[in-house]
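**Q** Pasting a structure below so you can have a look.
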Protein chains: 2
Amino acid sequence: MTPGPTPSGERVGLKHGAGGRAMRTLIEEVFLTLGGPVDGVGLAALDDGAALRLGDQWLVVTTDSHVVQPAFFPGGDIGRLAICGTVNDLAMMGCTEVLGLTCAVVLEEGYRREDLLRVRDSMRQACQEAGATVIAGDTKVMGKGELDGIVVNTTGVGLTRRLVRDDGLRPGDKVILTGTAGDHGLAVLAARRDLRIEGDLVSDVAPLNGLVRSALDAGGTEVVAMKDPTRGGVASALHEFASKARVGILLDGPTVPLSPGTMAAAEILGIDPLLVANEGKALIGVRAGAAERVLAAVRAHPLGRRAAVVATAIPERPGQIVLDTGLGKRILAEAEGDPLPRIC
Amino acid sequence: MTPGPTPSGERVGLKHGAGGRAMRTLIEEVFLTLGGPVDGVGLAALDDGAALRLGDQWLVVTTDSHVVQPAFFPGGDIGRLAICGTVNDLAMMGCTEVLGLTCAVVLEEGYRREDLLRVRDSMRQACQEAGATVIAGDTKVMGKGELDGIVVNTTGVGLTRRLVRDDGLRPGDKVILTGTAGDHGLAVLAARRDLRIEGDLVSDVAPLNGLVRSALDAGGTEVVAMKDPTRGGVASALHEFASKARVGILLDGPTVPLSPGTMAAAEILGIDPLLVANEGKALIGVRAGAAERVLAAVRAHPLGRRAAVVATAIPERPGQIVLDTGLGKRILAEAEGDPLPRIC
């Protein structure tokens, strides 16, 4: 066996799990060699999931482990997050019908059964909202002090006739954000720090497959790229769009929807809502001619009422995000690592 | 939402992750309500994985999180274990061609990159042996002290035309054990306690899909049940065979292959090799007329040289295992929980 390239640092840091550049580097240096050639979308694509050709359809597969802390937060908990995160990754590939989910739970010895039942009930509720079912599971227990509470892995499989990738933008295309930015990350951080905010500050965690179905029904093949801005937030997802499609992206700052509670928390904590995780939002890239049609369809969905066109793909500055703040333009750097560890 | 049944105890214990009766009770009380009706094998079947009908084939899906401690042990490590465990669960459903594996890693802050590369290399090696590829992944990092090192989840998907279940035994059927019992569990425990044993004591962790293919080629539809005796060991797997098929099983103790190192460790530690995990063995139930043919095919495979017919399904004592020790017969109880936490 030939050893892989030696990563730059000697030890893994929190930033390596935080969804920014550091994480991508770790994945590229360590894990990508596990992938092999596949008939479809494999590991090397670093998309939201994998897609394998099955006859005239695509089998989409996606996995996520969830370590959010606190496990219960305003608007949701680790169970709802796990189901929604996986349903949404499938949806971002164009796969809005979930064949099945697996659920593997690792618990710390002494974990309260009452909490476990709450997590289970949230999973069941989210499954109902998504029209999804858990088909296989696993349970492990680690000793007291060996794990901080609970880790939940969910993997999802689904079939779709049309695959939507995250590299399809061309100059001129529009990008729709389906609602307010940064709610999940700031709600979790506020809960962690026991911050009291005036007004609502709740996670947006929700299954997006219904909303995505509406968008695809309205936009058809003019929907050309999708990504859910989880770790690393809107900034990180737009960077992936831009670098994979080799376009620049002009982000019109004032058009980004923000909720009052999230704005307040962002100000107090000094954290940019564009850089933190969302768990119930999608970025949808569409051909310009279809933008209004898709936007209307998204807004007609209960989870998309505050959707807006927030960005345009441009030929200049490929791979970069130009943020127009309304007062001037600047380059929006990708977070090195999300400022919030254990955000999902 | 109607709350589920309240589990008997208030807190989760190590035994709830150990593969015995306690774990099954936890799963039944807490998680089974997440499953719904599926066209195939869903959560309620508690088989090695799920199976969904896709045209004239079955899509098999299985998941496992791995928490083995120590993560590096004689004969393997957590990376090899994760790949093999999932490949083997697919194989036990009759699915010997792996479409793809997902790999989700949770790391403790400060985890050594050198160790991560070793784990990655082991995964790659095991993938090569199994003819499998990692198609999707995820990386999370928890803070220092929030996780004891590393947790690896692997989920596998595959297609098969014929599904093999674990409930197919009829009185008169024979059960083949494909090699020595208890090697993985005792090797890990000996490593954990820094026990020095004369002779070899190494984990048997290996991908079994090639061996299972040989068995199925030889036995066809006369192969009627398969299970890999992981947590809870041969005893637990036979109990599942017996209770699901409503037969008794007569286990011929002296025919169970044992390696000298494992026997020595079992004696020193006072642990029955029938009750601890294997990670490279299968129990294969076959119609009596095919037993010799399947046994010969298994023995011809490098991983099956020490295979033996060890048990017979009987009409008496449905759901129970009768152990013939050679000196007399006794009921072999299922472990309440594996004596070894974090064995896989």
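**Q** When the stretch B:176-226 is examined, which residues are found to be basic (K, R) and modelled with pLDDT under 95? Full working, then the answer.
**A** Residues of the stretch B:176-226 basic (K, R): B:192-193, B:196, B:213.
Hits for the stretch B:176-226 are B:R192, B:R193, B:R196.
**Q** Do we have B:T178 as among the β-branched types (V, I, T), in contact (Cβ under 8 Å) with a residue 12 or more places away in the chain and open to solvent by less than 10 Å² (accessible area, probe 1.4 Å) here? Give the derivation first.
**A** On the way: among the β-branched types (V, I, T): yes; in contact (Cβ under 8 Å) with a residue 12 or more places away in the chain: yes; open to solvent by less than 10 Å² (accessible area, probe 1.4 Å): yes.
Spelling it out, B:T178 is indeed among the β-branched types (V, I, T), in contact (Cβ under 8 Å) with a residue 12 or more places away in the chain and open to solvent by less than 10 Å² (accessible area, probe 1.4 Å).
**Q** Turning to a different aspect of this structure: Restricting the search to the stretch B:41-61, which residues are hydrophobic (A, V, I, L, M, F, W, C) and assigned to a strand (DSSP E or B)?
**A** To start, the set of residues in the stretch B:41-61 that are hydrophobic (A, V, I, L, M, F, W, C) comprises B:41, B:43-46, B:50-52, B:54, B:58-61.
Matches in the stretch B:41-61: B:V41, B:A50, B:A51, B:L52, B:L54, B:W58, B:L59, B:V60, B:V61.
**Q** Would you check if there is a residue in the stretch B:112-126 being within 9 Å of chain A (Cβ to nearest Cβ), open to solvent by less than 20 Å² (accessible area, probe 1.4 Å) and under 16 Å from A:T102 (Cα atoms)?
**A** Within the stretch B:112-126, none of the residues are within 9 Å of chain A (Cβ to nearest Cβ), open to solvent by less than 20 Å² (accessible area, probe 1.4 Å) and under 16 Å from A:T102 (Cα atoms).
**Q** Go through B:A91, B:A104, B:A130 for me and flag whichever is closer than 15 Å to A:T63 by Cβ and either more than 7 Å from every other protein chain (Cβ to nearest Cβ) or buried (at least 21 other Cβ atoms within 10 Å of the Cβ) (or both). Write out each step before concluding.
**A** Numbers: B:A91 fails: closer than 15 Å to A:T63 by Cβ; B:A130 fails: closer than 15 Å to A:T63 by Cβ.
None of the others qualify; the one that does is B:A104.
**Q** What residue, among those in the stretch B:9-59 that are among the acidic types (D, E) and under 18 Å from the mean Cα position of the chain (by Cα), is nearest to B:C95 (Cα to Cα)?
**A** From the stretch B:9-59, those among the acidic types (D, E) are B:10, B:28-29, B:39, B:47-48, B:56; that's our starting set.
Still in the running and under 18 Å from the mean Cα position of the chain (by Cα): B:47-48.
Values: B:D47: 13, B:D48: 11 Å.
Checking each candidate, the answer is B:D48.
**Q** Within the stretch B:236-271, which residues are open to solvent by 50 Å² or more (accessible area, probe 1.4 Å) and of a type in the set (D, E)?
**A** B:D252, B:E267 - these are the residues of the stretch B:236-271 that are open to solvent by 50 Å² or more (accessible area, probe 1.4 Å) and of a type in the set (D, E).
**Q** Considering only the stretch B:119-135, I want to know if a residue exists there that is on the phi < 0 side of the Ramachandran plot, in contact with a Phe, Trp or Tyr (Cβ under 7 Å, 6 or more places away or on another chain) and assigned to a helix (DSSP H, G or I). Spell out the reasoning first.
**A** Step one: list which residues in the stretch B:119-135 are on the phi < 0 side of the Ramachandran plot, which gives B:119-130, B:132-135.
Retained after the next criterion (residues that are in contact with a Phe, Trp or Tyr (Cβ under 7 Å, 6 or more places away or on another chain)): B:120.
Now restrict to residues that are assigned to a helix (DSSP H, G or I): B:120.
Yes, the stretch B:119-135 has at least one match.
**Q** Is one or more of the residues making up the stretch B:13-36 facing chain A (nearest Cβ under 9 Å), in a strand (DSSP E or B) and crowded, with 19+ Cβ neighbours inside 10 Å?
**A** So far as the stretch B:13-36 goes, no, none of its residues is facing chain A (nearest Cβ under 9 Å), in a strand (DSSP E or B) and crowded, with 19+ Cβ neighbours inside 10 Å.
**Q** Could you tell me which residue of the stretch A:62-117 is nearest to the chain's Cα centre (by Cα), considering only residues that are among the small types (G, A, S) and assigned to a loop (DSSP other than H, G, I, E, B)?
**A** Kept after step one, since they are among the small types (G, A, S), are these residues of the stretch A:62-117: A:65, A:71, A:75-76, A:79, A:82, A:85, A:91, A:94, A:100, A:104, A:110.
Subset that is assigned to a loop (DSSP other than H, G, I, E, B): A:71, A:75, A:94, A:110.
Numbers: A:A71: 18, A:G75: 17, A:G94: 14, A:G110: 31 Å.
Out of the qualifying residues, it is A:G94.
**Q** Go through B:G145, B:G156 for me and flag whichever is out of contact with any helix residue (DSSP H, G or I) (no Cβ under 9 Å at 6 or more places or on another chain) and either within 30 Å of B:A290 (Cα to Cα) or outside any strand (DSSP E or B) (or both). Give the derivation first.
**A** Working: B:G156 fails: out of contact with any helix residue (DSSP H, G or I) (no Cβ under 9 Å at 6 or more places or on another chain).
Only one candidate qualifies: B:G145.
**Q** Would you pick out the residues in the stretch A:38-58 that are open to solvent by 40 Å² or more (accessible area, probe 1.4 Å) and at the interface with another protein chain (Cβ under 8 Å from one of its Cβ atoms)?
**A** If the condition is that a residue be open to solvent by 40 Å² or more (accessible area, probe 1.4 Å) and at the interface with another protein chain (Cβ under 8 Å from one of its Cβ atoms), then A:V38, A:G55 are the ones that fit.
**Q** Please work out which one of (1) more than 8 Å from every other protein chain (Cβ to nearest Cβ); (2) surrounded by fewer than 23 Cβ atoms within 10 Å (Cβ to Cβ) is the condition B:I83 fails and give its number.
**A** Among (1) more than 8 Å from every other protein chain (Cβ to nearest Cβ); (2) surrounded by fewer than 23 Cβ atoms within 10 Å (Cβ to Cβ), B:I83 violates only (2).
**Q** Check off (1) surrounded by 15 or more Cβ atoms within 10 Å (Cβ to Cβ); (2) not in a helix (DSSP H, G or I) for B:E316 and give me the number that stays unchecked.
**A** The number of the failed condition is (1).
**Q** Additional query: Consider A:G143 carefully, then state whether it is touching an Asp or Glu at 6+ places or on another chain (Cβ under 6 Å), over 27 Å from A:K227 (Cβ atoms) and not hydroxyl-bearing (S, T, Y). Steps first, please.
**A** Working: touching an Asp or Glu at 6+ places or on another chain (Cβ under 6 Å): yes; over 27 Å from A:K227 (Cβ atoms): yes; not hydroxyl-bearing (S, T, Y): yes.
Yes; evaluated as a whole, the condition is true for this residue.
**Q** Would you tally the residues in the stretch B:133-158 being within 7 Å of chain A (Cβ to nearest Cβ), of a type in the set (A, V, I, L, M) and over 17 Å from A:V61 (Cα atoms)?
**A** Quick first cut of the stretch B:133-158, residues within 7 Å of chain A (Cβ to nearest Cβ) only: B:133-143, B:146-148, B:151, B:153, B:155, B:157.
Adding the requirement that they be of a type in the set (A, V, I, L, M) leaves B:134-136, B:141-142, B:147, B:151, B:157.
From what is left, the residues that are over 17 Å from A:V61 (Cα atoms) are B:141-142, B:147, B:151.
Residues that pass the stated criteria total 4.
**Q** I'm checking my understanding of the structure. Among residues of the stretch B:80-98 that are among the polar types (S, T, N, Q) and in contact with a helix residue (DSSP H, G or I) (Cβ under 8 Å, 6 or more places away or on another chain), which one is farthest from B:L163 (Cα to Cα)? Even if it seems obvious, please write down each step before you answer.
**A** The initial filter retains those residues of the stretch B:80-98 that are among the polar types (S, T, N, Q), namely B:86, B:88, B:96.
Checking the rest, the ones that are also in contact with a helix residue (DSSP H, G or I) (Cβ under 8 Å, 6 or more places away or on another chain) come to B:88, B:96.
On the way: B:N88: 14, B:T96: 11 Å.
So, considering only residues that are among the polar types (S, T, N, Q) and in contact with a helix residue (DSSP H, G or I) (Cβ under 8 Å, 6 or more places away or on another chain), the one farthest from B:L163 (Cα to Cα) is B:N88.
**Q** Please pick out the residue among B:T154, B:T139 that is in contact with a strand residue (DSSP E or B) (Cβ under 7 Å, 6 or more places away or on another chain) and modelled with pLDDT of 95 or more. Break it down into steps so the answer makes sense when it comes.
**A** Values: B:T139 fails: modelled with pLDDT of 95 or more.
When all the criteria are applied, what remains is B:T154.
**Q** Looking only at the stretch B:199-239, how many residues end up being hydrophobic (A, V, I, L, M, F, W, C) and in contact with a Pro (Cβ under 7 Å, 6 or more places away or on another chain)?
**A** If we filter the stretch B:199-239 for residues that are hydrophobic (A, V, I, L, M, F, W, C), which is where we start, we get B:201-202, B:205-206, B:208, B:211-212, B:215-216, B:218, B:223-226, B:234-235, B:237-238.
So of that shortlist, the ones also in contact with a Pro (Cβ under 7 Å, 6 or more places away or on another chain) come out as B:201-202, B:237.
Result for the stretch B:199-239: 3.
**Q** Scanning for something under 29 Å from B:R162 (Cβ atoms), open to solvent by 40 Å² or more (accessible area, probe 1.4 Å) and in contact (Cβ under 8 Å) with a residue 12 or more places away in the chain, does the stretch B:59-79 turn up at least one residue?
**A** At the first step, the residues of the stretch B:59-79 found to be under 29 Å from B:R162 (Cβ atoms) are B:59-66.
The next check asks that each one be open to solvent by 40 Å² or more (accessible area, probe 1.4 Å); those that pass are none.
For the stretch B:59-79, residues under 29 Å from B:R162 (Cβ atoms), open to solvent by 40 Å² or more (accessible area, probe 1.4 Å) and in contact (Cβ under 8 Å) with a residue 12 or more places away in the chain: absent.
The values are calculated or read from the model by the stated rules, or taken from the named source; none is laboratory data. These numbers were taken from a predicted model, which means no experiment stands behind them. We place every Cβ from the backbone using ideal geometry, glycine too, and count neighbours over all the protein chains shown. We work out accessible area using only protein heavy atoms, side chains counted, and drop any ligands, DNA or RNA first. Shrake-Rupley method; radii C 1.70, N 1.55, O 1.52, S 1.80 Å.
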